[in-house]
1. Starting at the first residue of the range 59-73, write each ³J(HN,Hα) from the Karplus equation 6.51 cos²θ - 1.76 cosθ + 1.60 with θ = phi - 60°, in whole Hz, x for Gly and Pro.
2. Relative contact order for the chain: what is it in percent, counting Cα pairs under 8 Å that are at least 6 residues apart?
3. With the Cα gyration tensor of the chain giving a ≥ b ≥ c as the square roots of its eigenvalues, does the rule (a/c under 1.5 for rounded; else a/b larger than b/c for prolate; else oblate) give rounded, prolate or oblate?
4. Ignoring ligands, DNA and RNA, what percent of the 1.4 Å accessible area of the chain is carbon and sulfur?
5. For the range 28-91, what is the convex hull volume of its Cα atoms per residue in Å³?
6. Using 1/(1 + (r/R0)^6) with R0 = 22 angstrom and r between the beta carbons of Glu158 and Glu98, what's the FRET efficiency to the nearest 0.05?
7. Helix-only mean residue ellipticity at 222 nm, the chain, DSSP H runs n ≥ 4 weighted -39,500 (n - 2.57), per residue, nearest 500. What is it?
8. State the extension gain, in nm to one decimal, for the chain segment bounded by Lys167 and Asp28, taking 0.36 nm per residue of separation less the distance between their alpha-carbons.
Amino acid sequence: FFKQKTAYESSLGLVGSEMCIRDSYLADKHANTELSPRLDHPDRASYIQWMVYITNTLQETMTQKLYTYKYSDDPKCRNQVASRASSKLNMIISFLEESIGQTEGPFFLESGLSTADIYLHMLTAWDPSIKERVLPSSSSSAIPSKERLINIEHSYHEMLKQPDISKTFIQNGH
């Protein structure tokens, strides 16, 4: 009836947790980018926690909503899969919005921008219903202020102050 995947599968054959490991490794290897806390930094554990949460919770649920055929062999059930994923996404996004709001800055970590923040912003652009809550100007509809994701929006704009990141997001249609 249902075919459940345990983690997001990419076209490269990597699952979400492997992407987390790969990108954490690359950020560590290129420490000059400062996109991950040093191994001995107090934010390191939180960084790993956010990377795993985003790739294995947010990204997995986003995939369930957008690619329902991967989660049910029965076409009649796909609307139910998408509906359940949408409900779960709302809870996840609310948790992320609240979590960013509890930090001293606009990012997940007190130490600044990390690959976890970049992942978040990449993923929020996948789903138009979330993207318009982050970037109301990206939509023609007026989003009520209570539904906007102001902490994620602020984080997004702060992230784009990094020229290389901004360039990459623009090149990819964000």
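1. Computed from phi, the couplings for the range 59-73 are 5, 4, 5, 4, 5, 4, 6, 8, 10, 4, 4, 7, 10, 8, 6 Hz.
2. Computed over the chain, the figure is 20 percent.
3. oblate
4. Roughly 52 percent of what the probe reaches on the chain is carbon or sulfur.
5. 101 Å³
6. The formula returns an efficiency of 0.80 here.
7. -16000 deg cm²/dmol
8. 47.9 nm is the gain from fully extending Lys167 to Asp28.
The values are calculated or read from the model by the stated rules, or taken from the named source; none is laboratory data. Since we're looking at a predicted model, the values are computed, not measured. All Cβ positions, even for glycine, are placed from backbone atoms using ideal geometry, and neighbour counts span all protein chains on display. Areas reflect the complete protein model, heavy atoms only, side chains present, ligands, DNA and RNA absent. Shrake-Rupley method; radii C 1.70, N 1.55, O 1.52, S 1.80 Å.
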